[in-house]
Amino acid sequence: MAKPFRRVGAPLAGAVTLCLDRQGDAVTGTVKLADGALFSSTGALPVAEAFGIAVHVANEGGLEIVVIDPKSVWKPSWGVLEG
């Protein structure tokens, strides 16, 4: 069974953070990754591209993916979002 994703309120150091948003009818995502105390960001991307980057980076680094979703755009088909 796939590991569930965890909802958070802010980016977390030591995790890959997927920030979801809605722009009109389009869902976008931004991937944030901590490098020490600073976070680097991809900027807004189509959600499928952002999700793919987040999964790749998390798998390569053995990191958890956490999700910021203030507009509740998460779809159950993407997996389980806890929190």
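See the values below:
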quantity	calculated
Label-to-label distance, nm, for residues given as Arg7 and Ser72 (7 Å Cα→Cβ offset)	0.8 nm
Derived scalar couplings ³J(HN,Hα) [the stretch 56-61; Karplus, 6.51 cos²θ - 1.76 cosθ + 1.60; whole Hz; x for Gly, Pro]	4, 5, 4, 5, 5, x
All-pairs Cα distance distribution in the stretch 5-74, expressed in whole percent, bin size 5 Å	4, 20, 30, 28, 13, 5, 1, 0
Of Thr28, Thr17, Thr42, the one that fluctuates the most in a GNM where the chain has Cα springs shorter than 10 Å	Thr42
Expected 222 nm ellipticity per residue - DSSP helices of 4 or more, -39500 (n - 2.57), all of the chain, to 500	-6000 deg cm²/dmol
Among beta bridges that DSSP assigns inside the chain, antiparallel share in %, nearest 5	60 percent
Amide H contacts under 5 Å for Val67, placed H, 5+ residues apart	Arg6, Arg7, Val8, Leu18
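Here, each number is a calculation from the coordinates, and none is a lab measurement. Quantities reported herein were computed from a predicted structural model and do not represent experimental measurements. All Cβ positions, even for glycine, are placed from backbone atoms using ideal geometry, and neighbour counts span all protein chains on display.
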